[in-house]
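> Next up is a structure, given as structure tokens.
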Amino acid sequence: MATVAAVIASTHHPFYYRASTSTGADRPPFADEWVAKIEAFRQTLTRAEPDVLVMVGSDHFHQLWLDNMPQFLVGKAPVFDANWYNEEREFGLPRMRLAGEEDLAAYLLREGLDAGFDLAFSNELRIDHSVTCPIITLRPQADLPVVPVYTNIFAPPMPRPERFVQLGRAIRGMVESWPADKRVAIIGTGHLSLELGGPRQFGPHGPDAEFDRKAVAWIANGDVDGCLAEVTLDSLHAPGNATHGFMDFMLMMGAAGDGVKADYVDTLDLFHTMEAYFTWYPEGTADPS
Amino acid sequence: MSKYLLNKFLYTVDRDPELVERYRADPAGTVAWWEREMANTVLNCTAGERSTWLAFTETERQALREHDHVTLFSLGAHPFLTLTLFIAMFERDHGPLEYQLAYAQAMNHITLPYPDIAT
């Protein structure tokens, strides 16, 4: 059986690549601190020695569109090209190419369908920055095969937060029962409070510091019940109009396990949105050295 | 009201570098052409398999013609699509973050709950 080597949840900030590679006058004042935090976070994945990455993210109206919108989708293909023209244009992201792990993708689809999750699939998926940002931050050599899992946090009607938690638990269980001698890291990215295209966007901090404080505590403590008691599809409008991306963090809380504290927690208060980084080691090998 | 069609305009223009420039330079002409030629294109189908029923309201047409992101927001267009396309068109005319902050400032009178974006 496969081993879950790490569960990692993170924000995905499309400006990190440009901030971290810029020099001279173009380099923002917060870049050095941000890079230091990302490099420390990267070590938490490196230390887990993964063979395969399950990557939970959300397409931002790139390939998935309102004429045919899946709620949850697994990419099953030998190769995933990545990043799109408008991500090069706005964020300076590079075009990328990742190998797929088709056997695990097929396993997640079969087992997921049998467990009551009507997962959609794609055999030709061009992935976007929700998956490539964590590759850039956590595994910049992009040398491991991936299974992308896309969720709809973007186009209502969306599944409720409970469903994200349930799918996270299911993914954890399915990876653990995958009959392969592989070490799998389950990585998912979302947002804390975030506003896009509304009056609260691009402020000096995230739009709702109180929500962010509570959210970080829920995730760090594995407080699934506390989180579900407060977070609904309706409540997520209040912290910022793009805060439904927090449901991908909730999926990852499901994958990490109810009540399981994160072994690594870090945050960075940036303009526009707060960054947050979490790692769990299900094997208990939280060796900080 | 046709939130879906507003979003389809923003989506199909944003993903095409030539259309981004055309919409920036000639919004009225681009909106008229797009509604005539593209509005009823089913994106994943061949050209012959067109829809027959999609059209803008005059309010929507005018908001698109006038590059009016505040009205697009009030009509329930998807804020991510509007923001992304408008940054592509207008950020270049401003200093760092200046356009994004002005975009927000123009919406300062808008309070929760925001317009429903469900399609």
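> Using unit Cβ charges (K, R positive; D, E negative) and no other charged atoms, how large, in debye to the nearest 20, is the dipole of segment B:3-105 about its Cα centre?
Values: 10 positive and 15 negative charges, 52 e Å.
My answer is approximately 260 debye.
> Please report A:Trp34, B:Trp33, A:Trp280 as a ranked list, fewest other C-beta atoms within 10 angstrom at the top and most at the bottom. Please list the in-between numbers first.
Values: A:Trp34 19, B:Trp33 13, A:Trp280 27.
Final ranking by Cβ density, sparse to dense: B:Trp33, A:Trp34, A:Trp280.
> Now, a different point. Considering the options B:Ala39, B:Ala104, B:Phe80, tell which one lies farthest towards the positive end of the dipole of segment B:3-105, charges being +1 on Lys and Arg and -1 on Asp and Glu at the Cβ, about the Cα centre.
B:Ala39
> A further question follows. Can you give the charge dipole size of the protein assembly as shown about its Cα centre, rounded to the nearest 20 debye, using +1 on the beta carbon of Lys and Arg and -1 on the beta carbon of Asp and Glu? Walk me through the numbers before you get to the answer.
On the way: 32 positive and 56 negative charges, 58 e Å.
With only Lys, Arg, Asp and Glu charged at Cβ, the dipole is about 280 debye.
> Checking the cross-link filter: which lysines have an alpha carbon closer than 30 Å to that of A:Lys214, excluding same-chain neighbours under 8 positions apart?
Of all the lysines, those that pass the test against A:Lys214 - Cα under 30 Å, at least 8 places apart if same chain - are A:Lys37, A:Lys261.
> Report the net charge of residues surrounding B:Val42, where surrounding means a beta-carbon distance below 9 angstrom and charges are Lys +1, Arg +1, Asp -1, Glu -1.
Details: positive: B:Arg50; negative: A:Asp67, B:Glu49.
Result for the neighbourhood of B:Val42: -1.
> Show the residues, 5+ positions off or on another chain, whose built amide H is closer than 5 Å to the amide H of A:Thr11.
Residues meeting the criterion, in which the H sits 1.01 Å from N, are A:Gly190, A:Ala276.
> Setting aside same-chain residues fewer than 8 positions from A:Lys182, which aspartates and glutamates have a Cα under 13 Å from its Cα?
Partners within reach: A:Glu49, A:Asp51, A:Glu101, A:Asp103.
> If you take the charge dipole of segment A:3-280 about its Cα centre, with +1 on Lys and Arg Cβ and -1 on Asp and Glu Cβ, which of A:Ala242, A:His13, A:Phe121 is farthest toward its positive end?
Comparing the listed Cα positions along the dipole, A:His13 ranks first.
> Please arrange A:Phe80, A:Phe30, A:Phe278 by how many other C-beta atoms lie within 10 Å of their C-beta, fewest to most. Let's see the in-between values first.
Values: A:Phe80 23, A:Phe30 13, A:Phe278 27.
Taking fewest neighbouring Cβ atoms as first place, the list is A:Phe30, A:Phe80, A:Phe278.
> Given contacts defined as C-alpha pairs under 8 Å and at least six residues apart, what's the relative contact order of segment A:63-222, whole-number percent?
Numbers: 182 pairs, mean separation 40.0, N = 160.
Value for segment A:63-222: 25 percent.
> Calculated from DSSP H runs of 4 or more alone, at -39500 (n - 2.57) each and per residue, what is the 222 nm mean residue ellipticity of chain A, nearest 500? Mind dumping the intermediate values first?
Values: 9 runs with 100 residues, N = 289.
When only DSSP H runs of four or more count, the value is -10500 deg cm²/dmol.
> Peptide A:61-70: average number of partner chain Cβ atoms within 10 Å per residue?
Working: counts 9, 2, 0, 0, 7, 8, 7, 3, 1, 0.
Taking the mean over all residues of the peptide, I get 4.
> Classify segment B:3-105: rounded, prolate or oblate, from the alpha-carbon gyration tensor (a ≥ b ≥ c, eigenvalue square roots; a/c under 1.5 rounded; otherwise prolate if a/b is larger than b/c)?
Numbers: a/c = 2.09, a/b = 1.70, b/c = 1.23.
Cα axes put segment B:3-105 in the prolate bin.
> Out of segment A:144-230, which GluC sites (Glu not before Pro) are coil in DSSP terms and have no more than 15 other C-beta atoms within 10 Å? List each step's numbers first, then the result.
Values: sites: A:Glu162, A:Glu176, A:Glu195, A:Glu210, A:Glu230; in loops: A:Glu195.
Within segment A:144-230, no GluC sites (Glu not before Pro) qualify (loop, at most 15 other Cβ atoms within 10 Å).
> For the protein assembly as shown, build the charge dipole from Cβ charges (+1 Lys, Arg; -1 Asp, Glu) around the Cα centre, then report which of A:Leu196, A:Gly259, A:Gln63 sits farthest towards its positive end.
A:Gln63
> Then there's this: Measure nothing fancy, just the Cα-based angle from helix B:27-37's long axis to the longest principal axis of chain B, in degrees from 0 to 90, nearest 10.
Helix B:27-37 sits at roughly 30 degrees to that axis.
> Turning to a different aspect of this structure: Average partner chain C-beta neighbours within 10 Å, per residue of B:78-85? List each step's numbers first, then the result.
Working: counts 7, 7, 8, 4, 3, 8, 8, 1.
Neighbouring Cβ atoms belonging to other protein chains average 6 per residue here.
> Right, another one. What dipole magnitude, in Debye to the nearest 20, does segment A:1-43 give about its Cα centre under +1 on Lys/Arg Cβ and -1 on Asp/Glu Cβ? Let's see the in-between values first.
Numbers: 4 positive and 4 negative charges, 20 e Å.
That gives segment A:1-43 a dipole magnitude of about 100 debye.
> May I ask you to evaluate 6.51 cos²θ - 1.76 cosθ + 1.60, the Karplus curve with θ = phi - 60°, for each residue of segment A:222-229 and list the ³J(HN,Hα) values in order in whole Hz, giving x for glycine and proline?
Karplus-based 3J(HN,Hα) across segment A:222-229 equals x, 7, 4, 5, x, 5, 5, 5 Hz.
> What is the mean projected area of the alpha carbon convex hull for chain A, to one decimal in square nanometres? Working shown, then result.
Values: hull surface 56.4 nm².
The number I arrive at for chain A is 14.1 nm².
> Additional query: Identify the trypsin sites (Lys or Arg not before Pro) of segment A:56-142 meeting these criteria: DSSP loop state and at most 16 other C-beta atoms within 10 Å of the C-beta. Could the numbers behind the result be given before it?
Numbers: sites: A:Lys76, A:Arg89, A:Arg95, A:Arg97, A:Arg110, A:Arg126; in loops: A:Lys76, A:Arg95, A:Arg126.
Listed in order of number, the matching sites are A:Arg95, A:Arg126.
> Out of residues 5 or more away from A:Gly100 or on other chains, whose amide H comes under 5 Å of its own, with H placed 1.01 Å from N in the peptide plane?
A:Val79, A:Phe80, A:Val146
The numbers here are math on the coordinates, done by the rules we state, and not lab data. A quick note: this is a predicted structure, and the numbers were derived from the prediction, not measured. Neighbour counts run over all protein chains shown; Cβ positions are idealised from the backbone, glycine included.
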